[in-house]
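Single-structure report; data block below.
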Amino acid sequence: MLWGSNKTANTESAEILDDQQLMVFYPKIDAFLKQINLIILDKNHQTKLALCSLLAGGHILFEDLPGLGKTTLSSSLAHLAGLKFQRIQFTNDMLASDVIGINMFNQKEHLFEFKHGPIFTQILLADEINRCSPKTQSALLEAMEEGMTTVDGVRYVLPQPFWVIATQNPLFQSGTYALPESQLDRFLMRLSLGYPSRQAEKTLLQQHSRQELIAGLAHVFHEKDILDLQQLVQKIHTSDAVLEYILDLAEETRKGRQGLSTRGVLSLKKAAQAYALIEQRGFVTPDDVQAVFGAVVAHRIGATEAEVIKLMHQVSVA
């Protein structure tokens, strides 16, 4: 059981956010989670965290063995979110221009024209990102952080919202390149699906193709919904007591190890706000912080999620 109480009252939240603004979206959030859990079986916590990442405006990294549903989950998220979607299958011979785009000479007009790459979309599935070279991996850095990219000194703004869903295979597999720490830090969360339960796997054997099931689902959100929700997340109230708890957790990670950066602390707060919104509250509780802590922190300090959860339980809630 997580520490803290979901029943904590916070009257200050009403001054920050009108409950009516949130209630409009609660049915859609419930429908989103219900639909995606029809595709990804027995992984309710991971799907909720994935939605949390989208609403927080942070990118997400799925790390697992091949064939455990990373790409299926990514495709489901994109479809239900109702946003423009592109997929890049990374390979070891892929160039940065294959991701961003390239200036090509137009012989008829006698000038160079920029040909947009697949990164110019709203949801980008970067499949097996660690199979490409570090140079190509770095092509995503500016786009993920700034929402724009630069080609030959010209800056191009990406569509909004812009969300990267990346998948990577374990590093012990051949043909993989470890993501540098600077790029790992650009991901709000790192998640792992793991093997399904026996009953879930039996259901998978009995059902049709997951792609057919995804195609049969209706869009739950639209572009304006996502943009509005991302704005509402920033207004979810975080009390001084919860902020102190977040700082206590950050301080604990910095004892004798590479600790959580200030950007990581800000990410933890934003993820907790998004989780509170999904839980249909206008304020953050310690439970929200704990629910997202492992996914937000582990990859930033070079630890496993189990190690991070153990560390979290060393910090008491005031």
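The values are calculated or read from the model by the stated rules, or taken from the named source; none is laboratory data. All values reported here derive from a predicted model rather than from experimental measurement. Neighbour counts are summed over all protein chains in view; Cβ atoms, including those assigned to glycine, are modelled from backbone coordinates with ideal geometry.
Against the criterion of being over 21 Å from G82 (Cα atoms), modelled with pLDDT under 90, of a type in the set (K, R) and surrounded by 13 or more Cβ atoms within 10 Å (Cβ to Cβ), R190 does not qualify.
Of all residues in the stretch 268-285, those satisfying the criterion of being at pLDDT 95 or above and either of a type in the set (F, W, Y) or within 19 Å of E145 (Cβ to Cβ) (or both) are L268, K269, K270, A271, A274, Y275.
Here S53 does not fit the description of being among the polar types (S, T, N, Q) and either more than 17 Å from M189 (Cα to Cα) or touching a Phe, Trp or Tyr at 6+ places or on another chain (Cβ under 7 Å) (or both). Among residues of the stretch 74-95 that are of a type in the set (V, I, T), those with a beta-carbon under 7 Å from a residue that is assigned to a helix (DSSP H, G or I) at least six positions away or on a different chain give the pairs I88/V99; T91/R131.
Given the options I226, I246, name the one that is assigned by TED's automatic domain parsing to the domain that holds V315 and of a type in the set (V, I, T). It is I246.
Of all residues in the stretch 157-176, how many are in a loop (DSSP other than H, G, I, E, B), at pLDDT 70 or above and either over 18 Å from I100 (Cβ atoms) or not assigned by TED's automatic domain parsing to the domain that holds T121 (or both)? So that I can check it myself, show each step before the final result.
As a first pass, look at the stretch 157-176 and keep what is in a loop (DSSP other than H, G, I, E, B): 158-162, 169-176.
Those still in the list that are at pLDDT 70 or above too: 158-162, 169.
Retained after the next criterion (residues that are either over 18 Å from I100 (Cβ atoms) or not assigned by TED's automatic domain parsing to the domain that holds T121 (or both)): 161, 169.
Adding up the residues that qualify gives 2.
Does A295 satisfy the criteria of being under 18 Å from L54 (Cβ atoms) and not assigned by TED's automatic domain parsing to the domain that holds L54? So A295 passes the test. In the stretch 235-249, the residue that is surrounded by the fewest Cβ atoms within 10 Å (Cβ to Cβ) out of those that are under 14 Å from D19 (Cα atoms) and not basic (K, R) is H237.
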